[in-house]
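Since the structure comes first, as structure tokens, the remarks are kept for the end.
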Amino acid sequence: MEEHWRPAFFNRENLANWIKKGKKTVDQKLIDKALEILKSHKPEPLPHGIKESLDRIWKEANQKTRR
């Protein structure tokens, strides 16, 4: 099986094309992607029983740290 992998964030273009496309560094591309995910991600709500359990654990932990 032959496969060709093209990395999403690393530049494989020549200098002229990289400059035309805005000269984004790997760091800039990763930050842009992270911000896009934070802006657009809509997680599914936790099931009611799980949320109640987590709330109880959180409450107990907070009470122990206040002693």
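The values are calculated or read from the model by the stated rules, or taken from the named source; none is laboratory data. Bear in mind that the values here come from a model prediction, so they are computed numbers and not experimental data. Using ideal geometry, Cβ is built from the backbone for each residue, glycine included, and neighbour counts are taken over all protein chains shown. Protein only, heavy atoms only, side chains kept; ligands, DNA and RNA dropped before computing areas. Shrake-Rupley method; radii C 1.70, N 1.55, O 1.52, S 1.80 Å.
Numerical summary
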quantity: Number of positions in segment 31-49 that are hydrophobic (A, V, I, L, M, F, W, C) and at pLDDT below 95; calculated: 1
quantity: Segment 1-16 residues that are within 20 Å of Ile31 (Cβ to Cβ), paired with ones that are part of a loop (DSSP other than H, G, I, E, B) and open to solvent by less than 100 Å² (accessible area, probe 1.4 Å) (beta carbon under 9 Å, 6 or more apart); calculated: Asn11/Lys24; Asn11/Thr25
quantity: Subset of segment 39-48 that is assigned to a helix (DSSP H, G or I) and open to solvent by 80 Å² or more (accessible area, probe 1.4 Å) - its residue that is nearest to Glu13 (Cα to Cα); calculated: Lys39
quantity: Qualifying position, being part of a helix (DSSP H, G or I), of a type in the set (Asp, Glu), loosely packed, with under 11 Cβ neighbours inside 10 Å and on the phi < 0 side of the Ramachandran plot, among Glu3, Glu36, Glu13; calculated: Glu36
quantity: Yes/no for Lys51 being in a loop (DSSP other than H, G, I, E, B) and among the charged types (D, E, K, R); calculated: no
quantity: Whichever residue in segment 21-30 is surrounded by 10 or more Cβ atoms within 10 Å (Cβ to Cβ) and outside any loop (DSSP other than H, G, I, E, B) and, among such residues, is nearest to the chain's Cα centre (by Cα); calculated: Leu30
